[in-house]
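Reviewing the structure listed below.
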Amino acid sequence: MSELAIDREIDRSKMQVSDEVAIEITNMNKWYGSFHVLRDINLTVNQGERIVIAGPSGSGKSTLIRCLNALEEHQQGTIIVDGTELSNDLKNIDKIRSEVGMVFQHFNLFPHLTILENCTLAPIWVRKTPKKEAEERAMHFLEKVKIPDQALKYPGQLSGGQQQRVAIARSLCMMPRIMLFDEPTSALDPEMIKEVLDTMIELAEEGMTMLCVTHEMGFARQVANRVIFMDAGQIVEQNEPEEFFNNPKSERTKLFLSQILGH
Amino acid sequence: MSDVSFVRTEMLPEQAPPASEVGALGWVKHNLFSSWFNTILTVVSLYAIYYVLSGVLPWIFQSVWNADSLNECREIMMATWGSTHGHACWAVINDRWLQLLFGFYPSHLYWRPILALVLLLVALAPVLYSDRVPTKMLIFSAIYPFLMPFLMWGGTIWGPISAALGFVAGWFVYSVLSKQVSELVGMIGAVVAAVIWWLVLSSYFTGAMSSVLPIGIEAVESRQFGGFMLAILLGVVAIGVSLPIGIVLALGRQSDLLIVKYLCVGFIEFIRGVPLITLLFVASLLLNLFLPPGTNFDIILRVMIMMTLFSAAYMAEVIRGGLAALPRGQYEGADSLGLNYWQAQRLIIMPQALKISIPGIVSTFIGIFKDTTLVSIIGLFDVIGLASAIRADTAWNGIYWELFAFIALLFFIVCFSMSRYSMYLERKLQTGHR
Ligand SMILES: Nc1ncnc2c1ncn2[C@@H]1O[C@H](COP(=O)(O)OP(=O)(O)O)[C@@H](O)[C@H]1O
Ligand SMILES: [Mg+2]
């Protein structure tokens, strides 16, 4: 956990935040039964932003980003993703899901399909891309995450870090405009965390809009343009990374930072 | 330097294991005589095997193959070995094996069930060995369900064609409605269209076409069916149809639509709560009470439906177990990529759930195949029914073991093949490293 050194220069030339709004959440509330898990969330994310969401376990971070591609349903307020409002209309949901990529803590690769098939499945069936084109694109992204030579293996034959990079490539094959990461490195051994973070940094360098739930504070400091701190289902504090780490305002944030940074 | 400090200066080379651990001697030592208790077990087991084989093998091999009756068999045994005890009279099999296999199917038409069986294997090949047989062969697999009844029962060719047209009608309605309205409406419409075709229109179609173009082969009636052929016929149909129905029931049981869910639960629990034999009695006796008089609802068809429903209920539960074993992450992975419900089921969920369920599915297959012998109780002449009939013949009155040994062998061959195939399939589908 905490501060893993990122030992390379980050190319910030393309990391530009545009004025175009990618995600707009207003007065959003969510309950699990009678448990009020997300409380009055307001958040606007612009195209090109890299946002890190931090907070203690159980604070609702996963629930929040899972609401953004309708893996969870919200009960009040509005969520607009890329101009489309998330409602019960299945057409909207399918559209948003194909434009928003998601990477999970436990990878969620399909174990019965090869790496290549994992990457081409959704383009072929959802986007109706011709098979050959889908395979070419998959190989392109597998090269980007540096595992093209594993394309014909099955997920069970790869290490955790490799699997997570495949999961990222699989999402990228759908050409998403926004990427969501839910603790992508939490299930990995330390030496594999770095390879996944490297992949994520490269993605950020290309200007991808990213929302990452992560405890990797090195990544937050160097890559994020905004850090959001959540506790008890609410956004407690948000700021630029330097300010957030050096000068936290709320007591809860201070407590959290002292725990995870070990000061 | 302290005492605990140690640095290896030279790496150790690999060495061969000691001789007592490898080779035949090592195997015997490890597997048969590894402790005094295992040694006793080994000795006792060897004796038990010897005892059984010393009785059974002479019975099988010191036997009579040519005789016209049990009495003649016994005379030959007395003349050869001086006793009738401990020798099999295979002459009964030699005499009646065609009947045990085909029942009362007309002997000049035996080629038809044989051809149907051969074509069954051809139709199964692309399904069972999808990696070695060209996928195009699946077209024949799709035609086979209509070809098989035509071969077995004969009659006009328009019957099977009309049955196939029901599917065409359903598919047509589905492809129109699913594009214009929604997938669910399309599916419901397809089922309605197919059922209307089969129940209402198809008899007119068949009648009209066969009077215009009377193409057909000699018809064979259901009561002439029998023997092991009947077991295979019932088994293949029940197995082939119950798998898709079982999948639908298992999915229905997980559905968010309450009515669908409780219909499926009710059906599964009812069928599983009732012995197969009562369902067969319903098929043979009770249905006649409910059907309008004069309707000709074939007895074999009725039995097939009952056996299929019975097997489908068990199948649904086996598959539900496979579904429950899948982590939620698989559904979320599929959802997050934008796959819709049916795509996710077909491409992600079912392939994995079915793979997990293979042992249970094959057990159900084997169970239902052996249960086909129960039809002898409602008066169909399957192998068991024929064995009783043969024993009722004065020539073979009093013969038991040989007939049942032969029947057991037939069933064993089929069931053992299924079991071996399932092990092959599990190995083939193994994708992780162990
Ligand atoms: N499906 C669910 N049903 C009921 N409660 C849930 C469910 N999923 C999560 N929760 C609860 O919601 C809260 C927030 O969960 P989560 O978003 O996973 O937190 P985080 O990702 O920040 O650790 C937790 O208290 C958790 O127990
Ligand atoms: Mg979480």
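The values are calculated or read from the model by the stated rules, or taken from the named source; none is laboratory data. Fair warning: this is a prediction, and the values are worked out from it, not measured in the lab. Every residue, glycine among them, receives a Cβ derived from its backbone with ideal geometry; neighbour counts consider all protein chains shown.
Filtering region A:206-228 to residues that are within 16 Å of ligand 1 (Cβ to nearest atom) and among the polar types (S, T, N, Q) leaves only A:Thr214. Each residue in region B:309-333 was checked for being of a type in the set (A, V, I, L, M) and facing chain A (nearest Cβ under 8 Å), and 0 pass. When each of A:Val17, A:Val81 is tested for being surrounded by fewer than 18 Cβ atoms within 10 Å (Cβ to Cβ) and either in contact with an Asp or Glu (Cβ under 6 Å, 6 or more places away or on another chain) or under 27 Å from B:Ala334 (Cβ atoms) (or both), the lone residue that passes is A:Val17. Annotation: of all residues in region A:52-67 being more than 8 Å from ligand 1 (Cβ to nearest atom) and in contact with a helix residue (DSSP H, G or I) (Cβ under 9 Å, 6 or more places away or on another chain), the one that is nearest to A:Gly218 (Cα to Cα) is A:Val52.
The numbered conditions (1) over 15 Å from the mean Cα position of the chain (by Cα); (2) surrounded by fewer than 19 Cβ atoms within 10 Å (Cβ to Cβ); (3) more than 16 Å from ligand 2 (Cβ to nearest atom); (4) not small (Gly, Ala, Ser) are all true for A:Leu142 except (2). When region B:249-268 is filtered for residues that are out of contact with any Gly (no Cβ under 6 Å at 6 or more places or on another chain) and free of Cβ contacts under 8 Å to residues at least 12 places away in the same chain, the ones remaining, listed by number, are B:Ser255, B:Asp256, B:Leu257, B:Leu258, B:Ile259, B:Lys261, B:Tyr262, B:Leu263, B:Gly266. Working only within region B:334-354, note down all residues that are surrounded by fewer than 19 Cβ atoms within 10 Å (Cβ to Cβ) and at the interface with chain A (Cβ under 7 Å from one of its Cβ atoms). Across region B:334-354, the qualifying residues are B:Asn340, B:Gln343, B:Pro351.
Matching residues to (1) under 19 Å from A:Val17 (Cα atoms); (2) modelled with pLDDT of 90 or more; (3) in contact with a helix residue (DSSP H, G or I) (Cβ under 6 Å, 6 or more places away or on another chain); (4) not in a helix (DSSP H, G or I):
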{"site": "A:Gly218", "(1), (2), (3), (4)": "no, no, no, no"}
{"site": "A:Arg221", "(1), (2), (3), (4)": "yes, no, yes, no"}
{"site": "A:Ile228", "(1), (2), (3), (4)": "yes, yes, no, yes"}
{"site": "A:Ile235", "(1), (2), (3), (4)": "no, yes, no, yes"}
{"site": "A:Glu242", "(1), (2), (3), (4)": "yes, no, no, no"}
{"site": "A:Phe245", "(1), (2), (3), (4)": "no, no, no, no"}
{"site": "A:Lys249", "(1), (2), (3), (4)": "no, no, no, yes"}
{"site": "A:Gln259", "(1), (2), (3), (4)": "no, no, no, no"}
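Candidates B:Ile368, B:Ile399, B:Ile361, B:Ile384: the one that is more than 14 Å from chain A (Cβ to nearest Cβ) and either surrounded by fewer than 14 Cβ atoms within 10 Å (Cβ to Cβ) or not in a helix (DSSP H, G or I) (or both) is B:Ile399.
Which members of region A:78-119 meet the condition of being part of a loop (DSSP other than H, G, I, E, B), within 8 Å of chain B (Cβ to nearest Cβ) and without any contact (Cβ under 8 Å) to a residue 60 or more places away in the chain? Within region A:78-119, A:Asn108, A:Phe110, A:Pro111, A:His112 qualify.
Report whether or not A:Val37 is under 14 Å from the mean Cα position of the chain (by Cα) and in a strand (DSSP E or B). No. The residues listed here are B:Asn71, B:Asn66; of these, the one that is of a type outside the set (Lys, Arg), on the phi < 0 side of the Ramachandran plot and loosely packed, with under 12 Cβ neighbours inside 10 Å is B:Asn66.
Of all residues in region A:48-62, those satisfying the criterion of being within 16 Å of ligand 2 (Cβ to nearest atom), touching a residue at least 60 places away in the same chain (Cβ under 8 Å) and away from every other protein chain (no Cβ under 13 Å) are A:Ile51, A:Val52, A:Ile53, A:Ala54, A:Gly55, A:Pro56, A:Ser59, A:Gly60, A:Lys61. Report yes if some residue within region A:156-171 is within 14 Å of chain B (Cβ to nearest Cβ) and not in a helix (DSSP H, G or I); otherwise report no. Within region A:156-171 (the criterion being within 14 Å of chain B (Cβ to nearest Cβ) and not in a helix (DSSP H, G or I)), the answer is yes, since at least one residue qualifies. Looking at region B:61-131, the helices (runs of 4 or more DSSP H) lying wholly inside it that each contain 3 or more residues that are among the β-branched types (Val, Ile, Thr) sit at B:111-128.
Here's a check for you: in region A:40-51, which residue that is of a type outside the set (Val, Ile, Thr) and crowded, with 16+ Cβ neighbours inside 10 Å is nearest to ligand 1 (Cβ to nearest atom)? Can you show your working first?
So in region A:40-51, the residues of a type outside the set (Val, Ile, Thr) come out as A:40, A:42-43, A:46-50.
With the extra rule that they be crowded, with 16+ Cβ neighbours inside 10 Å, the set shrinks to A:43, A:46-50.
Values: A:Leu43: 15, A:Asn46: 24, A:Gln47: 25, A:Gly48: 25, A:Glu49: 20, A:Arg50: 19 Å.
So the residue we want is A:Leu43.
Per the listing A:Leu180, A:Leu203, the residue uniquely within 16 Å of ligand 1 (Cβ to nearest atom) and within 22 Å of A:Ser62 (Cβ to Cβ) is A:Leu180.
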